[in-house]
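Read the figures in this text as sums done on the coordinates, not as results from a lab. Note that the structure is a prediction, hence the values are computed from the model and not measured. No Cβ is skipped: glycine too gets one built from the backbone with ideal geometry, and neighbour counts run over all protein chains shown.
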Amino acid sequence: MRFAMPMRQSQLFTKVSRELPKDETSLNAQILIRAGFIDKLAAGIYTYLPLGLRVLNKISNIIREEMEAIGGVELLMPGLTPKDVWETTGRWATFDALFRLQSADEREYALGATHEEVVTPLAKKHTFSYKELPFAVYQIQTKFRNELRAKAGLIRGREFLMKDLYSFHADEDDLNRYYKIAQKAYFRVFERVGLLDRTYLTFASGGAFSKYSHEFQTVTEAGEDLIYICDDCQLAINSEIIADQPSCPSCEKTELRQAKAVEVGNIFKLRSRFSDAFDFRYADEQGEKKIVEMGCYGMGPSRIMGTAVEVHHDERGIVWPASIAPFRVHLLALAQKENDKAVLAANQLYVELVNAGIETLYDDRLETRAGEKFAEADLIGCPIRLVVSDKTLKEKSVEMKKRGEAAAELVRMDKIIGTLKSLNQ
């Protein structure tokens, strides 16, 4: 039998706040701080509290599953990186957002902002022949960037969680093949985290690597980017390249819809930019040395978390997609004494829910009034709220309400487990 993670709200050391944080302007940070998901240490630097860490882990695990489905092998690279690898690629002097520091022995390092400089020489140590290509490795790791402005909560931080996958190929054709596979995997992630209907494959400047890179942009008023959408093709163009590409790249339609959006992922064909720098070559079938082609595929679990809040909320709080909610069910006991029938019935139901594998946050606090419990449950935003009270027990039932819907219904206590299992949420 699979057991769900139990959580009694009386044992949860964090508290819900009625006040808006004074130094936060972004909605996602305001709600997440009030609801006890994150705590702000400094601008762009947050602690993930127990509820927030559950959401972050769920997003990360969805990403992990989809990366492994396309052949990605997980590893974990250092966050502290020596100066020489950055000098090899020429980015020590040119990467503006790099955090640079000096150790006690006066050697210089950078905090990892991205990991091409680490993964390329690592792959070179283990790759010699065409027979060992292609392959892909990825990590989900903390990144550091010296952002001048960090005012968008989890959407733009100085310390944040990032999934970066790197693929290695014998030629450009194989890179192009895998690049398309990765695109599809990204859309599967966004479908699973509840962002697919607002997320567009967006053409962006390729910088030094190629003519175009691709971003995955989620439309929301909280977005820092401006994109132009072709609703016929479900493609978009970033405003930074609209002068060079004023029409849809697929159908050439010029009447494009303008929208603000958040970049929740990006993919690049690095080609030989980094393999050239580290002289990363392999022997082909004739023994001739050939340069390795590379791709890079980034996605931010913490940014997805912030974007999901921006997209899925109402005036009362968060409305989490079921797949990434901290708990599927929020159970409330409305009583003030430990021996009240409602408390005893809720305690028994809590055990049954957990044993049935249903993730449940149990508000077992006796000193908290019913109105406060309802308000906090809406703010936290679990998909289903269950209420046990003297009133519901008269009907031998529990009140069930879906978050985001106005109507509640009474479900017989002996039917609630089956009812929950039959729901898609």
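Details
- Nonlocal amide H pairs with Ile358, under 5 Å, H built at 1.01 Å: Ala4
- Directionally averaged shadow of the chain, computed from the convex hull of its alpha-carbon atoms, nm²: 24.9 nm²
- Dmax and Rg, reported as Rg then Dmax, of the range 327-422 (C-alpha, Å): 12.0, 34
- Stretchable slack from Leu366 to Leu41, in nm (0.36 nm times residue separation minus alpha-carbon distance): 113.9 nm
- Sites count as exposed loop sites when they are chymotrypsin sites (Phe, Trp or Tyr not before Pro), lie in a DSSP loop, and have at most 16 other Cβ atoms within 10 angstrom; the longest stretch of the chain without one is 129-425.
- Approximating the spin labels as points 7 Å out from Cα along Cα→Cβ, the Phe128-to-Asp84 distance works out to 2.3 nm.
- Integer Hz, Karplus 6.51/-1.76/1.60 couplings in order for the range 86-100, x for Gly and Pro: 6, 5, 4, 8, x, 9, 4, 8, 10, 7, 4, 8, 6, 7, 10
- Angle of helix 116-126 to the longest C-alpha principal axis of the chain, folded into 0 to 90 degrees and rounded to 10: 70°.
- In order along the range 396-409, the phi-based Karplus estimate (6.51 cos²θ - 1.76 cosθ + 1.60, θ = phi - 60°) of 3J(HN,Hα) comes to 6, 9, 10, 7, 10, 9, 7, 5, x, 10, 7, 7, 10, 9 Hz; Gly and Pro are listed as x.
- Among the GluC sites (Glu not before Pro) in the range 184-279, those placed in a DSSP loop whose Cβ has at most 11 other Cβ atoms within 10 Å are Glu221, Glu252, Glu255.
- Entry note, the chain: the mean residue ellipticity at 222 nm calculated from DSSP H runs of n ≥ 4, each adding -39500 (n - 2.57), is -8500 deg cm²/dmol after division by the residues and rounding to the nearest 500.
- Pairs from Lys341/Lys401; Lys180/Lys269; Lys143/Lys211 whose Cα-Cα separation, in the structure shown, is over 23 Å: Lys143/Lys211
- Selection from Leu51, Met67, Leu111, by position along the positive dipole direction of the range 17-124 (Cβ): Leu51
- Amide H contacts of Gly206 (H built 1.01 Å from N, under 5 Å, at least 5 apart or other chain): Tyr212, Ser213
- Kirkwood Rh in Å, taken over all unlike Cα pairs in the range 28-168: 17.0 Å
- Legend: ranking of residues Lys396, Lys151, Lys269 from fewest to most surrounding C-beta atoms inside 10 Å; resulting order Lys396, Lys151, Lys269.
- Computed from phi, the 3J(HN,Hα) profile of the range 179-191 under the Karplus parametrisation 6.51, -1.76, 1.60 (θ = phi - 60°) reads 4, 5, 4, 5, 4, 5, 4, 4, 5, 5, 4, 5, 5 Hz, with x in place of Gly and Pro.
- Pairs of Cα atoms farther than 16 Å apart, the range 1-108, %: 75 percent
- Under the simplified labelling scheme, the Asp105-Ser239 pair shows an inter-label distance of 4.8 nm, with each label point 7 Å from Cα along Cα→Cβ.
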